[in-house]
Every structure is written in C-alpha cells, then in structure tokens.
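Asks: Can you read through this structure? Questions will come right after.
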Amino acid sequence: IVLVAPAALGAAPEPDLRTIGMFCDISEEKIAEVIYAMLYLNESNKIEKKAENKRPIDFYLSTYGGSADDMFALYDIMRTIRSETEIHTLGLGKVMSAGVLLLAAGTKGKRRIAKNCRVMIHSVAAGNHGNLQDLTNELEAISDLQKMYINCLVAETNMSKSDIKEMLDRNVNVYLSAEEAVKFGIADIIV
C-alpha cells in the first residue's frame, strides 16, 4: 500500500499518490490494510468541495486468490466507495479466484488489465472434516458462498448466471486471456 503524506513546510512537494497495491494472497490482514487505505482516500475526496478536484483511487492487483470471506469484505467496501470515488483497477500478472471479483468491482469503464495478465475462475474450494452433521452444514454454507460469488460476478460483468455456471461446471480451473476478460466484462481496457 502506498500513501504519501503532504510535504513538510518548506520541503519539496512529494507526489500525491492515490495508489493501493495488492500483490499477494487475499487474507484478513492484507484486506484490512487495503480497506483502511480505500476508506482514507475516499474520506480525503469528501473534503474537496469541487467535483473536478475529486480524484480516483488506483488499485493494482496481482493475486492467486485466497479467502472468499475477506474478498467479500473488500468487495462490499469497494461497492460503497465507488458511488463517491472512482476506483480504477488494474490487473497485472495474474488475477485468479477471489481476485477476479475485485478486478471487476472497479468503476465500470475504468477497469484495466495488462495484455499478458492471466485470469482464472473456479468453483469455491474448501477443506473440512468432522461429523456428518457438521459436514452437511459446511456443504450448505459453501454452496451459499458459491451462489453469492456467482451473483456478484453477474452484477459486475457481462456474464449471465448460466455463463458462469457453465465455466464452473467444468470442474477445472478456467483460464482467460486479457482479451477474454474484456469480452466477459471482467475488465474494460487492455494496457
């Protein structure tokens, strides 16, 4: 995460960066840092009275994925913030699993993907053990999580529920090129 403080009195001005980077697995600790940074940058925009002085947040993303619960925490914050502050996402290297929804959650028209970025979508994965009642309960919870993920992707992309289910029903990791990510509405622009 990069946040630059204003220059000290009399010092040379530093660039006023509004950039957040996530180049790791999606975990509670990292998502907390990203959420705090996004909230801070959004609040700094609220201080500006003139609309032309409000500036977007640049969110750079390269991840193999990670925790679905933490992905949803950041996704919900992004949905809230982007109504006040544009979020310009940029997928680099790899945007996989839980990262796909985060890339797609940027402000429509401002979601970029690098030409050589690989995108991967797959079904929700979990590993559980215990008695039959616990496993049955966990299976229902995982099924609900998958439905939430599908519904959010439908809301953020050009894909329908049947498009996504068809991909997930292959029971393999589905890899997409940058061109395919734009075609499906996960991103808007190839850079």
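FYI, it's all coordinate maths here, none of it is from the lab. From a predicted model like this one, the values you see are computed outputs, not experimental measurements. Counting neighbours? That spans all protein chains shown, and the Cβs are built from the backbone with ideal geometry, glycine included.
Asks: I'm trying to understand the selection: among the residues of segment 43-63, which are surrounded by 12 or more Cβ atoms within 10 Å (Cβ to Cβ), over 12 Å from the mean Cα position of the chain (by Cα) and not acidic (D, E)?
Replies: Hits for segment 43-63 are S44, N45, K54, R55, P56, I57.
Asks: While we're looking at this one, here's another question. With the requirement that a residue be out of contact with any helix residue (DSSP H, G or I) (no Cβ under 9 Å at 6 or more places or on another chain) and not charged (D, E, K, R), what does segment 57-71 give you?
Replies: If the condition is that a residue be out of contact with any helix residue (DSSP H, G or I) (no Cβ under 9 Å at 6 or more places or on another chain) and not charged (D, E, K, R), then Y60 is the only one that fits.
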